[in-house]
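Below is one structure, written out as structure tokens, with a few remarks after it.
Throughout, read-outs are computed from the coordinates displayed, never taken from laboratory work. Everything quoted here is computed from the prediction, not taken from an experiment. In this analysis, Cβ positions are derived from the backbone assuming ideal geometry, glycine residues included, and neighbour counts consider all displayed protein chains.
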Amino acid sequence: MSLPDRSALSRREYVRALVATGGATALSACLELSDSENEDEDQVPAGVDDPSSLPERQHAWDESLPADGDENVRPAEHHVLVALSLDDGVANGDGIDPDARETVEDALRTLERAYERSNDGLLFTVGYTPSYFDRFEEPLPESVHLPEPEPLREGETPAFDEFDALLHLASDRPEVVLEAEEGLFGERESVNGVEPEAELSGVFDREDDRRRTGFVGDGLPAERTDVPGVPETIPEDAPFFMGFRSGFVDSQASEDRVTLESGPFAGGTTQQVSSMEINLEQWFDQENHYQRVSKLFSPEHADEEAVGEVGEALGATNGLTDERIAATEDDARGRGVVGHAQKAARAREDGEPPLLRRDFNTVDGDRPGLHFLSLQREIADFVRVREAMNGTDLDVATANNGILHYLFVDRRGNYLVPPRSLRALPPADPNGDS
Ligand code: HEM
């Protein structure tokens with residue numbers, strides 16, 4: 001793949017374009033750039049000598065991410081989702097080849113030795129699809145709810161993630177996500193000074209056309225107006241394409257809340273990824289700030305000017321009181337508009353949000369979009385939230401039903417993210433023998 005044109009882009013635009021391109025040449029360009037800028041210091045922090053000291057939960061990222069003054073977790077800036085298919089011969093009638101399992105574990109441990117487990121180093125998870133588990137005679141235990149993905153809104157016809165596994169790599173440093181990916185596939189002699197112990201090639205093939213990338217952070221979306229469909233009117237400081245902060249601590253599930261508590265996969269979680277395009281031109285050019293706040297948060301948020309330009313007026317919470325959530329139906333009928341967050345919050349359980357959202361913006365395919373990645377104890381939690389967001393029960397025009405009118409989901413995938421001890425090619429029934 002050809003490299004982006006350095007002369008036409010700012011530094012930040014250029015590195016994001018390199019992450020999206022991927023591959024050895026993009027990595028070299030990225031390393032060259034970071035070497036030329038950090039002549040002596042700013043080394044990528046190293047990982048641990050003994051990875052067995054790391055948490056059992058692959059998804060335990062929050063403690064290693066910075067928080068703002070209100071305890072909201074700030075996500076890592078760069079993300080890559082690497083789609084993987086198991087090579088022929090790795091699984092046969094007797095189950096998974098134990099050597100392949102060891103290879104995967106060794107390859108992942110290399111990353112843990114190489115990079116600090118943080119936004120400054122590398123955060124990663126590996127998850128497995130229902131298609132992966134279908135090859136085993138035994139089903140997944142009852143403690144795991146992992147259905148095949150399906151359309152979740154009338155009229156949508158998404159494609160489904162039917163490959164075997166997905167690696168989620170995240171870091172504030174673009175060269176780290178690229179280097180980790182290349183290192184895993186044997187295309188680097190060392191990763192952050194550590195020689196890879198094993199490589200995934202021979203066990204997994206990369207599904208290059210399913211590789212997804214993205215970014216999140218204050219001011220980053222406004223730098224993408226070079227991409228068709230990204231209007232100049234995006235607020236300068238917005239961290240997400242639709243113009244507002246998201247992921248307030250009080251509207252996120254805790255890592256405990258999304259973790260499987262019992263059965264052989266205890267300590268794991270489920271992950272779903274919905275990839276969608278966003279019609280930003282209509283959102284920014286046909287709606288004003290008041291309408292955007294009404295449709296994203298609630299009409300009361302707009303009346304009370306509770307959000308600020310990009311969400312800076314909110315602290316640790318999106319400001320959804322029980323009353324505002326309960327007012328959703330009345331707002332639909334009486335005001336003719338309901339907010340996305342207000343609607344989705346109807347799926348809280350005993351006041352607790354069930355999803356831990358780790359979504360990020362994308363310009364994959366040269367269109368603005370979002371890879372909505374969420375963790376939840378079971379996929380049914382996600383489906384319930386999505387139904388609440390669909391709001392088919394509400395007496396309101398689709399164009400005013402939150403942000404539905406602007407989103408086009410084109411791909412859905414469901415995954416089990418096992419605990420670390422089972423992350424390398426897990427059997428469906430770890431208590432059995434496969
Ligand atoms: C482009 C697409 C999307 C954008 C721009 C977006 C944006 C937002 C914003 C600004 C909030 C309020 C701030 C916050 O609580 O963090 C919010 C809340 C939320 N969104 Fe989204 N969202 C999108 C898609 C989705 C999808 C696909 C789902 C899942 C079905 C979802 C589920 C939620 C949930 C569960 C909340 C919190 C509700 C609560 O407070 O309990 N969002 N979103």
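So the values come out like this:
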| quantity | calculated |
| --- | --- |
| Residue in segment 412-424 that is under 25 Å from ARG257 (Cα atoms), away from the ligand (no atom under 14 Å from the Cβ) and touching a His at 6+ places or on another chain (Cβ under 8 Å) present | yes |
| Unique match (being near the ligand (Cβ under 9 Å from one of its atoms), under 29 Å from PRO130 (Cα atoms), of a type in the set (A, V, I, L, M) and not in a helix (DSSP H, G or I)) among VAL409, VAL385 | VAL409 |
| Those residues of segment 217-260 which are more than 15 Å from the ligand (Cβ to nearest atom), more than 27 Å from SER298 (Cβ to Cβ) and touching a residue at least 24 places away in the same chain (Cβ under 8 Å), in sequence order | GLU223, ASP226, VAL227, PRO228, GLU255, THR259, LEU260 |
| Residue count for segment 96-112, restricted to those that are in contact (Cβ under 8 Å) with a residue 40 or more places away in the chain and out of contact with any Pro (no Cβ under 6 Å at 6 or more places or on another chain) | 11 |
| Residue list for segment 115-124, restricted to those being outside any strand (DSSP E or B) and crowded, with 24+ Cβ neighbours inside 10 Å | TYR115, LEU122 |
| Any pair with Cβ under 9 angstrom, 6 or more apart, that starts in segment 5-32 at a residue that is closer than 13 Å to GLU223 by Cβ and ends at one that is in a helix (DSSP H, G or I) and among the polar types (S, T, N, Q) | VAL15/SER34 |
| Qualifying residue in segment 27-44 (condition: in contact with a strand residue (DSSP E or B) (Cβ under 8 Å, 6 or more places away or on another chain) and crowded, with 19+ Cβ neighbours inside 10 Å) | no |
| Matching option when the condition is touching a Phe, Trp or Tyr at 6+ places or on another chain (Cβ under 8 Å), closer than 20 Å to LEU373 by Cβ and not in a helix (DSSP H, G or I), among LEU84, LEU111 | LEU84 |
| Residue that is farthest from ASP35 (Cα to Cα) [pool: residues in segment 147-192 that are of a type in the set (S, T, N, Q) and surrounded by 17 or more Cβ atoms within 10 Å (Cβ to Cβ)] | SER171 |
| Among (1) part of a helix (DSSP H, G or I); (2) within 21 Å of the chain's Cα centre (by Cα), the one test that VAL273 misses | (1) |
| Neighbours by Cβ (under 6 Å, 6+ apart or cross-chain): first from segment 272-290, under 17 Å from HIS79 (Cβ atoms); second basic (Lys, Arg) and assigned to a strand (DSSP E or B) | SER274/ARG412; SER275/ARG411 |
| Qualifying residue in segment 140-149 (condition: more than 16 Å from the ligand (Cβ to nearest atom), of a type in the set (Ser, Thr, Tyr), more than 21 Å from the chain's Cα centre (by Cα) and not in a strand (DSSP E or B)) | yes |
| Among the residues listed as VAL144, VAL82, the single one being of a type in the set (Val, Ile, Thr) and either out of contact with any Asp or Glu (no Cβ under 7 Å at 6 or more places or on another chain) or free of Cβ contacts under 8 Å to residues at least 24 places away in the same chain (or both) | VAL144 |
| Of all residues making up segment 388-406, the number that are more than 13 Å from the ligand (Cβ to nearest atom) and of a type outside the set (S, T, N, Q) | 6 |
| Number of positions in segment 335-374 that are within 9 Å of the ligand (Cβ to nearest atom), under 16 Å from the mean Cα position of the chain (by Cα) and not in a loop (DSSP other than H, G, I, E, B) | 6 |
| Criterion violated by GLU189 - all others in (1) without any contact (Cβ under 8 Å) to a residue 40 or more places away in the chain; (2) closer than 27 Å to GLU105 by Cβ; (3) outside any loop (DSSP other than H, G, I, E, B); (4) not polar (S, T, N, Q) satisfied | (3) |
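Yes/no matrix, rows are residues, columns are (1) in a helix (DSSP H, G or I); (2) more than 13 Å from the ligand (Cβ to nearest atom):
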position: PHE284; (1), (2): yes, no
position: ARG292; (1), (2): yes, no
position: LYS295; (1), (2): yes, no
position: HIS301; (1), (2): yes, no
position: VAL307; (1), (2): no, no
position: GLU312; (1), (2): no, no
position: GLY315; (1), (2): no, no
position: GLY319; (1), (2): no, no
position: GLU323; (1), (2): yes, yes
